[in-house]
Amino acid sequence: MAYFQRASEFLDGADELFTSESRRALPRWYPTYFLYAHAAELALKAFLRAHNPDVEYGHELTVLYEKCHDIGLVTGQNDQTQIGNVVRLLDSANKDQGLRYFLDTNSIPDLTWTREVVTQLLQTVKPHVEKAEKDNPSNLGKPTKLMFTWRVS
């Protein structure tokens with residue numbers, strides 16, 4: 001559940017940038033793409049974990065997607081051309097951390113398309129995560145640590 005919750009937070013952050021008025025004046029494509037890509041990564045990891053809590057992870061979206069697809073992830077009728085292509089293009093754009101740093105990306109999916117596909121991915125993964133949480137509660141709602149945030153003025 002924690003992976004899915006964090007994926008939702010990154011999706012919300014990406015949507016905030018995508019719809020912001022300041023984006024129209026000064027496009028913020030790379031941060032927005034990075035947030036959508038990370039939301040997709042965490043959603044794929046949530047799906048994997050919902051089916052196998054001991055699974056090992058990496059950061060390559062294409063590999064994560066293929067593992068998820070192999071165990072039954074289908075986001076829609078055009079799954080391979082939608083999520084399959086978006087994760088491949090995001091992977092390509094993020095080669096050597098290209099979305100985080102100053103590297104040129106040769107190919108990147110359309111931002112609106114990326115938003116739609118990643119949103120659909122989270123909607124598809126959510127019931128799997130909820131079922132896994134119901135079957136094997138993580139006690140995520142219970143406090144497990146205390147964090148202090150300090151500010152010195």
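The values are calculated or read from the model by the stated rules, or taken from the named source; none is laboratory data. Small disclaimer: the values here were computed from a predicted structure and weren't measured. Note: ideal-geometry Cβ built from the backbone for every residue, glycine included; neighbour counts use all protein chains shown. Note: accessible area is taken over every heavy atom of the protein model, side chains too, but ligands, DNA and RNA are not part of it. Shrake-Rupley method; radii C 1.70, N 1.55, O 1.52, S 1.80 Å.
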Search result, residues across region 59-75 that are outside any helix (DSSP H, G or I) and open to solvent by 30 Å² or more (accessible area, probe 1.4 Å): H59, E60, I71, G72, V74
Give me the residue from region 32-58 that is without any contact (Cβ under 8 Å) to a residue 24 or more places away in the chain and in a loop (DSSP other than H, G, I, E, B) and, out of that set, nearest to D135 (Cα to Cα). N52
Members of region 96-152 that are at pLDDT 70 or above, open to solvent by 100 Å² or more (accessible area, probe 1.4 Å) and among the hydroxyl-bearing types (S, T, Y): Y101, T149
